[in-house]
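Peer 1: Quick one: this structure, given as structure tokens, is what I'll be asking you about.
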Amino acid sequence: MDRQSQEKLSEVGEFISEYSSHMIGCGVHTSRVIRSAKRIADTFGYVVNINVYQKTIILTVLNPISHEHYSEVKDIPNLPISFEHNSRLSALSWETYDKHLDLSTLRERYKQIISAPSVHSFFVLILVGIANASFCQLFGGDALSMGIVFSATITGLFLKQQMTAAGINHYIVFIVSAFVASLCASTALIFDTTSEIALATSVLYLVPGVPLINGVIDVVEGYVLTGFARLVKASLLIVCIATGLSFTLLLVKDNLL
């Protein structure tokens with residue numbers, strides 16, 4: 001009995017659509033998602049075609065022998081960036097291809113990956129705070145500015161986490177988070193310290209590096225529509241960061257002169 005007769009076309013198609021949309025949602029560039037999906041489909045003797053857009057994917061899985069096909073339009077979930085899911089899901093496609101995993105085993109491995117506990121939010125707060133404080137020192141900030149940036153980053157990121165969990169529009173989240181973090185960092189103006197550097201580095205944790213990188217990769221590899229959509233979204237987030245920082249500068253401009 002061949003693999004196609006063992007695994008139904010629709011079931012394989014449903015899994016690949018869920019798998020692909022999750023990879024896109026957690027920050028994987030388009031070509032990697034398509035390669036991984038094709039690898040899984042090839043394991044079961046099927047051919048898959050995927051069109052990736054900003055909010056949805058359109059997928060068609062074809063049986064090259066019977067010419068039956070399964071098509072689905074799948075919404076891309078709004079997930080946090082996860083390099084762990086990125087690498088483990090990609091590795092899962094190779095494991096499926098090399099070891100010829102059956103669909104039930106593949107589903108079980110997939111659920112184990114996406115349901116694994118994420119890094120504790122408190123741990124993320126501390127690490128991001130240390131990272132931003134390190135940027136402050138890198139750009140010439142002194143020890144006092146580093147401490148102020150550390151506390152400002154933790155405050156802004158905590159607010160961002162809470163607002164995101166509440167389902168608030170992410171553009172508003174970025175504006176408010178940038179404003180609060182920079183406003184906290186503006187306390188550096190009270191002391192004889194490198195206040196300008198503290199203000200500038202307090203919002204660096206919001207810079208959308210992954211969407212920018214993925215957008216460039218997509219454009220270079222020929223997925224121009226998806227790439228430009230990602231670049232536009234990243235650019236809007238940068239504008240939101242600048243807006244939040246501008247509000248703070250308007251409040252403290254007299255002390256900067």
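The values are calculated or read from the model by the stated rules, or taken from the named source; none is laboratory data. Remember, it's a predicted structure, so these values are computed and weren't measured experimentally. When we count neighbours, we look across all protein chains shown, and the Cβ atoms used for this are built from the backbone with ideal geometry, even at glycine. To get the accessible areas, we keep the full protein, side chains included, count just its heavy atoms, and leave off ligands, DNA and RNA. Shrake-Rupley method; radii C 1.70, N 1.55, O 1.52, S 1.80 Å.
Peer 1: Report the extension gain between ASN49 and ILE65 in nm, rounded to one decimal, defined as 0.36 nm multiplied by the number of residues separating them, less their alpha carbon distance.
Peer 2: 4.1 nm
Peer 1: Let me ask you something else. How large is the Kirkwood hydrodynamic radius of the range 11-169, in angstrom, based on all distinct alpha carbon pairs? Display every interim value, and only then the final one.
Peer 2: Working: mean 1/r = 0.0556 Å⁻¹.
Answer for the range 11-169: a Kirkwood hydrodynamic radius of 18.0 Å.
Peer 1: Related question: Got the relative contact order for the range 1-97 handy, in percent, Cα pairs under 8 Å and 6 or more residues apart?
Peer 2: 34
Peer 1: When you count, for each residue, the other Cβ atoms within 10 Å and take the mean per peptide, how do 203-211, 76-84 rank with the highest first?
Peer 2: Answer by packing, highest mean first, reads 203-211, 76-84.
Peer 1: Any idea what the relative contact order of the chain is, in percent, if you count C-alpha pairs under 8 Å spaced at least 6 apart?
Peer 2: Relative contact order, the chain: 17 percent.
Peer 1: In addition: First select every other residue whose beta carbon is under 13 angstrom from the beta carbon of GLY25; then total the charges, Lys and Arg +1, Asp and Glu -1.
Peer 2: Around GLY25, the charge tally is +1.
Peer 1: Further, regarding this structure: Given the peptides 102-112, 167-177, arrange them by the average over their residues of other C-beta atoms within 10 Å, most packed first.
Peer 2: Packing order, densest peptide first, comes out as 167-177, 102-112.
Peer 1: Which percent of the accessible area of the range 37-184 is formed by carbon and sulfur heavy atoms (probe 1.4 angstrom)?
Peer 2: Details: 5180 of 8220 Å².
Roughly 63 percent of what the probe reaches on the range 37-184 is carbon or sulfur.
Peer 1: Would you mind giving the average projected area, over all directions, of the Cα convex hull of the range 1-75 in nm² with one decimal?
Peer 2: Numbers: hull surface 17.5 nm².
It is 4.4 nm².
Peer 1: Using a Förster distance of 30 Å, how high is the FRET efficiency between LEU251 and ASN78, based on the Cβ-Cβ distance and rounded to 0.05?
Peer 2: The pair LEU251/ASN78 has a calculated efficiency of 0.40.
Peer 1: Using a 1.4 Å probe, what is the accessible area per residue for the range 9-168, in Å²? The partial results should precede the final answer.
Peer 2: Values: 8220 Å² over 160 residues.
Value for the range 9-168: 51 Å² per residue.
Peer 1: Now a separate question. So for the range 31-86, averaging the separation of alpha carbon pairs under 8 Å that are six or more residues apart and normalising by length, what relative contact order in percent results? Each step should come with its number before you reach the end.
Peer 2: Working: 63 pairs, mean separation 13.0, N = 56.
It rounds to 23 percent for the range 31-86.
Peer 1: Please work out how much length the chain gains when fully extended from ILE126 to LEU236, using 0.36 nm per residue of separation minus the C-alpha to C-alpha distance, in nm with one decimal. Each step should come with its number before you reach the end.
Peer 2: Values: separation 110, 0.36 × 110 = 39.60 nm, distance 2.70 nm.
Here the answer is 36.9 nm.
Peer 1: While we're here: Any idea how far apart LEU189 and ARG109 come out in nm if each label point goes 7 Å out from Cα toward Cβ?
Peer 2: With each label point 7 Å from Cα toward Cβ, the separation is 5.6 nm.
Peer 1: Continuing with the same structure: Using the alpha-carbon centroid of each, what span in Å lies between the range 1-75 and the range 106-120?
Peer 2: The two parts, judged by their Cα centres, are 20 Å apart.
Peer 1: Now for a separate question. So what's the projected area for the range 72-139, the Cα convex hull averaged over all directions, in nm²?
Peer 2: Mean orientational projected area (the range 72-139, Cα hull): 7.4 nm².
Peer 1: Also, I was wondering about something else. When the Karplus curve 6.51 cos²θ - 1.76 cosθ + 1.60 is applied with θ = phi - 60°, which whole-Hz ³J(HN,Hα) does each residue of the range 241-248 get, with x for Gly and Pro?
Peer 2: 4, 4, 5, x, 5, 5, 4, 5
Peer 1: Let me ask something additional. Checking the cross-link filter: which lysines have an alpha carbon closer than 28 Å to that of LYS233, excluding same-chain neighbours under 8 positions apart?
Peer 2: Those lysines meeting the cut-off are LYS38, LYS55, LYS74, LYS160.
Peer 1: How far, in degrees from 0 to 90, does helix 121-138 lean away from the longest principal axis of the Cα atoms of the chain, to the nearest 10?
Peer 2: 60
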